Amino acid sequence: MLQEESDLSLIIAQIVQKLKGSNLYTQLERQAWACLQRPEIRLESLKEDIKEFFKISGWEKKLQNAVYSELNVYPLPSHPAASPEHLKEPLVYMRKAQGSWEKRILKSLNSMCTELSIPLARKRPLGEQKELLSKWNEMGTDEPDLSHFRPVYAPKDFLEVLINLRNPNYENGDSISFRTHLGLIQVPLKVKNIPELKECFVELGLSTGQLGIDDATQVPPELFENEHVRIGQKVLAQQDSAAAQQYVRQGSPTALRAELWALILNISSQPEDILYYEQLKTNVIQHDLLVDSLIYKDVKLTASNDDYYFVFEDYLYQVLLCFSRDTSVLGHFAYNSASPPKSYIRGKLGLEEYAVFYPPNGVIPFHGFSMYVAPLCFLYHEPYKLYQIFREMYVRFFFRLHSISSHPSGIVSLCLLFETLLQTYLPQLFYHLREIGAQPLRISFKWMVRAFSGYLATDQLLLLWDRILGYNSLEILAVLAAAVFAFRAVNLMEVTSLAAAEAVLADLSTLKVMPLLQIFLFATVT
Amino acid sequence: MSRVLVPCHVKSTVALQVGDVRTSQGRPGVLVIDVTFPGVAPFELQEITFKNYYTAFLSIRVRQQSSMLTPGKWVTCLRDYCLMPDPHSEEGAQEYISLFKHQMLCDMARVLELRLILRQPSPLWVSFTLEELQIYQQGPKSPAVNFPKWLSHPVPSEQPAPLHEGLPDPSRVSSEVQQMWALTEMIRASHTSTRIGRFDVDGCYDLNLLSYT
């Protein structure tokens, strides 16, 4: 009992410490001062009366949402003897692997810098600043010469690193034994099996209504859809984050989705947030970063070529360029196994007072990074709102898809979960694909790293991301990847090469996500 | 509750195995670590902290000083404490753990020696052990503060002089002042940990190359 109480007080102290620096704290303080004028506040019971006032005026709900958000994002306080590195990633060999991967990225960026003789960062001359400011809303019309730039890395490079990940304490042996994994991932992380997934994703079951299944045209809306929309409106009226998160597990109606996601991510656009975004925009205009060219190249290569997302090209620049300048993103490195790259002001190498992070937010974009933002453009139309939502989604979910960690939602666990599900429930297909040299992970890795963005139709993708938010976990991506393979199993059994297998799975745009998931989890005979 | 580190001597691990270690194929699944406390009087154990390294189950036996002249018997104080929920996977494999007095099966007074029995039934791991082992005993209680005599033995209050009519009730005023003092103390103790948000150094962000360290 003693231990649980002290754990609880540690958690409370940590959350209070975090919230003290936030906007909400200042607002609550201001409200408390303002309400002192009210007649029902008496001096001798000041604390209780103010608490009562907060409850009635809805401020307690806002505080509850903020606390819920902190609990969802930040890991629990760890053992006092644990180092900060241990909090980022408890397994030593994974930390080392992430460190050497990061070094490779830094070397690649540095060599690009020296080859092209372009500085990592420079201050823009005033004329250029004015020009950029005037073109801010149409940066897509700019056609800079990006032929010399190449993306720092692509998902397939990252996959090679994950395939070579080894635990030195794990007895792999040279010959194939019961210890070798049949898939590509060779580290023994704990992943869920289907009974555990069924328990975890119980709201996706056959007897529960889902948007994506029970709102099809043949189904009369009185059966499920109308009631679900009504409940959604009620949740929004209550402004309760936890209720919204639970609600969205069954899918979110299109009209309510933008507000529901903002509620779950605890984003409320205050004037301070708009000012913050404007400040970031000023930073973009004043300083030119090498990373900007990488972002331009990535958007031109991926989102601009996509039938659904090319219209949002300008928005993508406005969000991603500002994202690179946002130092508040550095906070997420406390629980991310990755670390932000460091650099020194020119001429001051080695002096700690002149050490800075590069880029300011510590995140180097890779090929396909802009696809994390593109689907959100369908929901949010003001750049500052779109920016806030993307930033929150990145520091909660997307960062796990491109860093090496043992977290259950990390990309390594997702890959292992996918391979284990396929081996256990489709052993014949797995064996066949392995025999022809088409390891399934080689095909599904790119889907999972991008959270299926750019591969599914947008309405299906948004239904999938509803569940990511609802369950606060990325495991659904691995389950969907296995479900897609299960769906196309008959065709895949007939292919004889990796290229042919890729061709069978090249086009996912006609797939309906929720029926696939439901059948794989709840209706497959095991 | 304060705690004090007890200097201990951790002997090297001994594998328990049937047969000769060199010739047999399998790896031992049971290791024993003996912890002695040379030069320290028998103490009351408060906490044991360590970093796990792929140990699945831990048992602890303790030998206490008995009141009689014969040396104390070994008693099991922790039986099969699970460190890794699934011995074949990495969950819990490199975690920091603390074990407290109240989790033990027996009274931990007058400890002479400890014996930690580590078990790892899975054949997947090359080795397993515990690292950074630290034993703590209860620290001294905070020393009693000597209050001046007039504070600890207040003089019985005299009858106060009758107050003028317009003055407020003193007990109400004192409780209000007490509340406000508590609030100001709280505000004084608070401090934030927010960032400023600037990424440049004095307006300059001219960088050379990325650093590898």
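The values are calculated or read from the model by the stated rules, or taken from the named source; none is laboratory data. Predicted model only: the values in this text are computed from it and were never measured. We place every Cβ from the backbone using ideal geometry, glycine too, and count neighbours over all the protein chains shown.
Quick rundown of the values:
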| quantity | calculated |
| --- | --- |
| Those residues of the range A:472-505 which are within 18 Å of residue A:418 (Cβ to Cβ) and not in a helix (DSSP H, G or I), in sequence order | A:473, A:474, A:488, A:505 |
| Residue match in the range A:248-261 (condition: within 14 Å of another protein chain (Cβ to nearest Cβ) and buried (at least 21 other Cβ atoms within 10 Å of the Cβ)) | no |
| Residue satisfying all of: in the range A:262-293; under 23 Å from residue A:74 (Cα atoms) and of a type in the set (Gly, Ala, Ser); farthest from the other protein chains (Cβ to nearest Cβ) among these | A:262 |
| Check on residue A:384, over 27 Å from residue A:360 (Cα atoms) and either surrounded by fewer than 23 Cβ atoms within 10 Å (Cβ to Cβ) or modelled with pLDDT under 95 (or both) | no |
| Identity of the residue in the range B:72-84, within 19 Å of the chain's Cα centre (by Cα) and farther than 30 Å from residue A:166 by Cβ, that ends up nearest to the other protein chains (Cβ to nearest Cβ) | B:78 |
| Residue satisfying condition, being touching a residue at least 60 places away in the same chain (Cβ under 8 Å), under 26 Å from the mean Cα position of the chain (by Cα) and within 30 Å of residue A:27 (Cα to Cα), within set A:106, A:76, A:87 | A:76 |
| Test result for residue A:316, surrounded by fewer than 22 Cβ atoms within 10 Å (Cβ to Cβ), modelled with pLDDT of 90 or more and either within 14 Å of another protein chain (Cβ to nearest Cβ) or out of contact with any Leu (no Cβ under 7 Å at 6 or more places or on another chain) (or both) | no |
| Residue match in the range A:151-169 (condition: assigned to a helix (DSSP H, G or I), of a type in the set (Lys, Arg) and under 30 Å from residue A:292 (Cβ atoms)) | yes |
| Among residues of the range A:129-164, those that are touching a residue at least 40 places away in the same chain (Cβ under 8 Å) and either closer than 16 Å to residue A:401 by Cα or β-branched (Val, Ile, Thr) (or both), counted | 9 |
| Subset of the range B:201-213 (residues that are more than 7 Å from chain A (Cβ to nearest Cβ) and on the phi < 0 side of the Ramachandran plot) | B:213 |
| Answer residue from the range A:400-459, given it is of a type in the set (Gly, Ala, Ser) and surrounded by fewer than 18 Cβ atoms within 10 Å (Cβ to Cβ) and is nearest to residue A:493 (Cα to Cα) among those | A:437 |
| Matching residues in the range A:67-120 - criterion: being surrounded by 15 or more Cβ atoms within 10 Å (Cβ to Cβ) and of a type in the set (S, T, N, Q) | A:69, A:72, A:78, A:98, A:108, A:110 |
| Residue match in the range A:294-306 (condition: more than 26 Å from residue A:99 (Cα to Cα), without any contact (Cβ under 8 Å) to a residue 60 or more places away in the chain and either of a type in the set (Lys, Arg) or more than 14 Å from chain B (Cβ to nearest Cβ) (or both)) | yes |
| Residues located in the range A:61-96, provided they are within 19 Å of residue B:54 (Cα to Cα) and of a type in the set (A, V, I, L, M) | A:81, A:82, A:87, A:91, A:92, A:94 |
| Looking only at the range A:237-246, and only at residues there that are in contact (Cβ under 8 Å) with a residue 40 or more places away in the chain and in contact with a helix residue (DSSP H, G or I) (Cβ under 6 Å, 6 or more places away or on another chain), the one that is farthest from residue A:213 (Cα to Cα) | A:239 |
| Meets criteria (under 28 Å from the mean Cα position of the chain (by Cα) and within 12 Å of chain B (Cβ to nearest Cβ)) for residue A:155 | no |
| Positions within the range A:20-37 being among the charged types (D, E, K, R) and either surrounded by 15 or more Cβ atoms within 10 Å (Cβ to Cβ) or farther than 25 Å from residue A:270 by Cα (or both), in sequence order | A:20 |
| Strands (runs of 3 or more DSSP E) enclosed by the range B:85-144 - at least 2 residues per element that are among the charged types (D, E, K, R) and more than 13 Å from chain A (Cβ to nearest Cβ) | B:111-119 |
| Members of the range A:297-313 found to be surrounded by 23 or more Cβ atoms within 10 Å (Cβ to Cβ) and in a helix (DSSP H, G or I), listed by number | A:298, A:299, A:303, A:312 |
| Filter pass, residue A:397 being over 30 Å from residue B:93 (Cα atoms), surrounded by fewer than 22 Cβ atoms within 10 Å (Cβ to Cβ) and at pLDDT 90 or above | no |
| So residue A:90, is it more than 9 Å from every other protein chain (Cβ to nearest Cβ) and part of a loop (DSSP other than H, G, I, E, B) | no |
| Residue satisfying condition, being modelled with pLDDT of 75 or more and over 23 Å from residue B:10 (Cα atoms), within set B:174, B:152 | B:174 |
| Only one of A:137, A:167 that is within 28 Å of the chain's Cα centre (by Cα) and either within 12 Å of another protein chain (Cβ to nearest Cβ) or of a type in the set (Lys, Arg) (or both) | A:167 |
| Selected residue [surrounded by 11 or more Cβ atoms within 10 Å (Cβ to Cβ), among the polar types (S, T, N, Q), out of contact with any strand residue (DSSP E or B) (no Cβ under 6 Å at 6 or more places or on another chain) and modelled with pLDDT of 85 or more] from A:3, A:17, A:64 | A:64 |
| Tally, over the range A:319-347, of residues that are within 17 Å of the chain's Cα centre (by Cα) and within 10 Å of chain B (Cβ to nearest Cβ) | 5 |
